[in-house]
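The values are calculated or read from the model by the stated rules, or taken from the named source; none is laboratory data. Keep in mind that this is a model prediction, so the values were computed, not measured. Here the Cβ positions follow ideal geometry from the backbone for every residue, glycine too, while neighbour counts run over all protein chains shown. Ligands, DNA and RNA are stripped out before the accessible areas are found, and what is left, the full protein with its side chains, is counted by its heavy atoms. Shrake-Rupley method; radii C 1.70, N 1.55, O 1.52, S 1.80 Å.
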Amino acid sequence: MKGARGIDNPAFVPSSPDTPRRSSASPSQVEVSHAPTEDAQPPKPPEPPPPPPAEPESLAPSQFKEGPFGWGRFTPRSLRPCNTPAGFLLHYCVLAVTQGIVVNGLVNISISTIEKRYEIKSSLTGLISSSYDISFCLLSLFVSFYGEGGHKPRWLAFASFMIGLGALVFSLPQFFSGQYQLGSIFEGTCLARNSTSCAPSRSLLSNYLYVFILGQLLLGVGGTPLYTLGTAFIDESVPTHKASLYIGIGYSMSLLGPAIGYVLGGQLLNIYIDFAIGQSIDVTKDDPRWLGAWWIGFLVSWLFAWSLIIPFSCFPKHLPGTAKVQAEKTSQTHQCKRSSLSRVDQNFGQNIKDFPVALKNLMRNTVFICLILSTSSEALITTGFATFLPKFIENQFGLTSSFAATIGGAVLIPGAALGQILGGAIVSRYKMTCKYAMKFALVTSGVALVLTFLLICAKCENEPFAGVSESYNGTGDLGNLTAPCNANCNCLRSYYYPLCGRDGVQYFSPCFAGCLNYVSNSKPKRYYNCSCIEKKAEITSTESVSFEAKAGKCETHCTNLPVFLGMFFVTVIFTFMAGTPITVSILRCVDQRQRSLALGTQFMLLRLLGTIPGPIIFGATIDSTCTLWDINECGIKGACWVYDNIKMAHMLVAISVTCKIITIFFNGLAVFLYKPPPPGTEVSFQNQNADVTAVSIEQALNKGVNDG
């Protein structure tokens, strides 16, 4: 056979010399694990056993370029412990945490501060958040296709560079926009001359929007190799039964990043934005003009990301022992009748002309498509709740925004991380095959569906709100904040500062409550002489203990918060327990040479069908339950101030149940359609990389007879 060579790596030598092999007229080679049948009558084998060097020549030499950890000749023995799957996983986790801190933590918690500082509309800041997904979608297919045959650890070094560069670029507006100018304080009491004219203007500060978008695009470039090539590298470096555990740990660390980002970003917002230039200010954090130092976290993340460039570049193309691991693995690729990839040459994937063929082959894999649609439907729910869970908790249970975000993150992030680890550990513990991993994901999704139904029991009704659900002591109309008691107060609907009266009714602001005076040194701020609050007491001194209203929302009478948090926590665990098994199933059901491209395709479609439309659908649904909108002096509608809690709960649960039914349907369809290799065929990944066409034992023996 022309151009054929023996095997250089001893890991490719079969473990048992008794394993018979039969050749066909094609260059394919079949490894047979059972003795030949009597009916086949193969040719009589030679009396002496063949020596080890006489291995069939159709197998290609080892493609796994294992090497030491280091640069060139600099390979110190002290760094050898890093050159293991566990060492790579450690660096992968640090990069995943850093990426999660920036993209899903610091960016989200800094958006409101960026809106105020650079005078950017909320609709445009949504474009900032979407820029990461746009970049990821545009690059994921090409990076995963070309990176599959390349040096994956060096691709992750490139990812570290781009993530750090994106974080640095995102912080640059702070250093070029000048000093933050405090405006005059807004008095929200009645007769405080609050009226302003409609004078819309565009500030030059809003041009920094494009810098923020550029930063997010760079972060998307860095995130693409991390979750496609990085995951594929872990899968190829460890045995099949351990891959799910390693991938589960890696994905759980990517969920830990946002939690750290929220905590870190929240603490940094307690530092004044321009503290570095030594500006002396008199405002406190309770002042609406206060802006925190949002930019510090991005600089820290920049340094962390760039510190990983050198370690990743020191890893070899394949970790020591990869060839042995691959030789011991058995292919579980879905047997698609129309797939022809197994018959292409070994250099497939190194030319742009191969890309359409490879992508077409993946699209023909019905099991792969079903798994992608299953994960996309689930991603729509998870990203929607990740974005709007704090708002849901805030409105349902009458909590402050900061506290709602805190407890929402305390439930969502640990539950998701625990689910990822448990799912990976269970699949690894019981050494589940591709089909059983899909069945396990199907069961956990079914449990999550039942728990989602039960979340409807934890809803809460709205508390009385003057002008919305309650009249002003029998005066005024519902849906109109203005009533005879505050008609002369010049109140602004664009200034929302909730107030709780002694009558148990919530008011839009001190102005709409008709309050004339307040005690400035009390926390929370207390108001008196309020014309719209029933049973008000006459107060002659500001030192009097009596008051008619206090700042903040009224305490809710609903006690369902602990029930909701407990049920939601368990639901999140079972939802994310399916994540790692599905990822492992995707890696198993496709050809070994297409693992990275499969992950790239999955993440692209997952974003197009799940993470991008998810927040949009959830946001539109929540807006449809609004009962009181912010309308500024120019008559432009802004944010929603009050929602219908019951309607919101019903609609969000309905969306979640619908998506989970879709998830279960496609997951079950994947289990039904999946066809593993025939029981009589055992093709290792070693042979799959050497372009081995899998055929049954009977076919191989018959061909051997015919050729003999």
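Peptides 98-105, 570-577 ordered by packing proxy, namely the average of other Cβ atoms within 10 Å per residue, highest first: 98-105, 570-577.
Size check on segment 570-641: the Cα extents along the three principal axes, sorted descending, read 62, 30, 13 Å. If you sort GLU115, GLU470, GLU461 by accessible surface, 1.4 Å probe, largest first, the order is GLU461, GLU470, GLU115. Sequence-ordered 3J(HN,Hα) estimates for segment 658-672 from the Karplus curve with 6.51, -1.76 and 1.60 and θ = phi - 60° stand at 4, 5, 5, 5, 5, 4, 5, 4, 6, 5, x, 5, 5, 4, 5 Hz, glycine and proline given as x.
Of the cross-linked pairs LYS121/LYS459; LYS391/LYS550; LYS121/LYS553, which ones have a Cα-Cα span greater than 24 Å in the structure shown? Distance filter (> 24 Å) returns LYS121/LYS459; LYS121/LYS553. Report note on the peptides 474-483, 167-176: ranked by the mean count of other C-beta atoms within 10 Å, highest first, their order is 167-176, 474-483. Of the peptides 81-93, 415-427, the order by per-residue mean of other Cβ atoms within 10 Å, starting with the highest, comes out as 415-427, 81-93. Counting 0.36 nm for each residue step from PHE176 to LEU90 and taking away their Cα separation leaves a gain of 27.3 nm. Too long at a 23 Å Cα-Cα cut-off: which of LYS242/LYS317; LYS152/LYS435; LYS242/LYS439; LYS152/LYS324? Flagged as over cut-off: LYS152/LYS435. Sequentially through segment 493-505, phi angles give Karplus couplings (6.51, -1.76, 1.60; θ = phi - 60°) of 6, 7, 10, 9, 9, x, 9, 10, x, 5, 7, x, 9 Hz, Gly and Pro residues having no value and appearing as x.
Taking amide H positions as modeled 1.01 Å from N, with prolines and chain starts lacking one, the residues under 5 Å from ASN517 and 5 or more places away or on another chain are TYR528. Put simply, the amide H of TRP641, placed in the peptide plane, has neighbours under 5 Å in LEU628, TRP629, ASP630, leaving out anything fewer than 5 places away on its chain.
Rounded to the nearest Å, what's the spacing between the alpha carbon centres of segment 377-437 and segment 654-679? Just the number, please. The distance from the Cα centre of segment 377-437 to that of segment 654-679 comes to 21 Å.
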